[in-house]
Amino acid sequence: MKKTFLLVGFLLFSFFILFSYLVHEDLFTRFDFDTTVKLQDNIVRGFDSSFSFLSDIGAFEIMLGVLLVVLVLLRKIRAIFALGFFGLFHLIELYGKFFVSHLPPPEFLLRTEKIINFPQFHIRLENSYPSGHAGRAAFISILIGLIVWRSKKFSKHQKYLILGFLIAYDVAMLTSRVYLGEHWASDVIGGAILGASFGFLSFIFL
């Protein structure tokens, strides 16, 4: 089973590298703009506050806290590797923002409202690829989902409920980043792929 997770993680990371190259070459410019406009045209402005709050929940500080709680509850010394992959994700995220030429959405598309004023993990750079929020959501959801699915403490019904919640959270988080004008759709896709790859790789050590 561990070989399967290793293979899935490796394939996802390889796809992330390929996708990053395509983003750098501006292959998704039209797709990105059209997706943002369609979401903002079809979602009422009443969701601005809710999506903004969701974005605050997905900040580095809170997601790190969630991860630490999960790892402490596991009571496994090898869980430190999951924390290492979480840190590695952010290093690659910063690398992407420095070296993948991809400007963020213009200011007129920005709809974010500051609900919780957490200090940011890093200053918003000129480039926006990949999305850290999307990556953290995918990483945490994959990790928790796999832990729950393997656990014998939950019934099958409970497992489906938890997995359903995690999927709903990811969909809402990824949608919010594009709708709020914080990221393009390609930023979110790239971040989610990277986060998911490290989520699978982390589970190998748990």
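The values are calculated or read from the model by the stated rules, or taken from the named source; none is laboratory data. None of these values were measured; they are calculated from a predicted model. Glycine also receives a Cβ, built like all others from the backbone with ideal geometry; neighbour counts cover every protein chain displayed. For accessibility, only protein heavy atoms count, side chains too; no ligands or nucleic acids. Shrake-Rupley method; radii C 1.70, N 1.55, O 1.52, S 1.80 Å.
Remarks
- Positions within the range 1-22 being aliphatic (A, V, I, L, M) and either within 17 Å of the chain's Cα centre (by Cα) or closer than 28 Å to residue 149 by Cβ (or both), in sequence order: 1, 6, 7, 8, 11, 12, 17
- For residue 61: the one exception among (1) modelled with pLDDT under 95; (2) in contact with a helix residue (DSSP H, G or I) (Cβ under 9 Å, 6 or more places away or on another chain): (2)
- With respect to (1) within 17 Å of the chain's Cα centre (by Cα); (2) closer than 20 Å to residue 145 by Cα; (3) surrounded by 15 or more Cβ atoms within 10 Å (Cβ to Cβ), the lone exception for residue 83 is condition (3).
- The number of residues in the range 185-206 being open to solvent by 30 Å² or more (accessible area, probe 1.4 Å) and either acidic (Asp, Glu) or at pLDDT 95 or above (or both) comes to 2.
- Count - residues of the range 154-181 that are assigned to a loop (DSSP other than H, G, I, E, B) and open to solvent by 30 Å² or more (accessible area, probe 1.4 Å): 2
- Of all positions in the range 1-19, at least one carries a residue that is free of Cβ contacts under 8 Å to residues at least 12 places away in the same chain and not in a helix (DSSP H, G or I).
- Residue count, the range 168-206 (criterion: more than 12 Å from the chain's Cα centre (by Cα) and under 18 Å from residue 144 (Cβ atoms)): 8
- One residue stands out in the range 135-152 among those that are closer than 14 Å to residue 70 by Cβ and free of Cβ contacts under 8 Å to residues at least 12 places away in the same chain: the one that is least open to solvent (accessible area, probe 1.4 Å), namely 151.
- Output for the range 23-59, where each listed residue is of a type outside the set (D, E, K, R), closer than 18 Å to residue 108 by Cβ and surrounded by 15 or more Cβ atoms within 10 Å (Cβ to Cβ): 33, 35, 36, 39, 40, 43, 51, 52
- Of the residues making up the range 111-160, just one is at pLDDT 90 or above, more than 18 Å from residue 198 (Cα to Cα) and under 19 Å from the mean Cα position of the chain (by Cα), namely 128.
- Within the range 20-46, the set of residues being in a helix (DSSP H, G or I) and touching a helix residue (DSSP H, G or I) at 6+ places or on another chain (Cβ under 7 Å) comprises 20, 23, 31, 32, 35, 36, 39, 40.
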